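The values are calculated or read from the model by the stated rules, or taken from the named source; none is laboratory data. Values in this document were obtained by computation on a predicted structure and should not be read as measured data. Ideal geometry is used to build each Cβ from the backbone, glycine not excepted, and the neighbour counts take in all protein chains shown.
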């Protein structure tokens, strides 16, 4: 009984961590998030980004 309670508690903790810490990246931001060397872009630079807009 205690073992089942501990396992359920661990599963709930894992699910909580997933929803709080691991978020899906929207498709339109995935190139920025995973493929870009820039760490910060102002709005104008982001709007005109050739990589994000598929011009590369």
note = Those residues of the stretch 14-26 that are surrounded by 10 or more Cβ atoms within 10 Å (Cβ to Cβ) and not in a helix (DSSP H, G or I) come to a total of 1
task = Report, by residue number, each residue of the stretch 27-42 that is surrounded by 12 or more Cβ atoms within 10 Å (Cβ to Cβ) and more than 13 Å from residue 54 (Cα to Cα).
result = 41
query = Can you pull out the residues in the stretch 27-43 that are modelled with pLDDT of 90 or more and not in a loop (DSSP other than H, G, I, E, B)?
reply = 43
task = Specify which of the listed residues (16, 46) is touching a helix residue (DSSP H, G or I) at 6+ places or on another chain (Cβ under 8 Å) and modelled with pLDDT of 85 or more.
result = 46
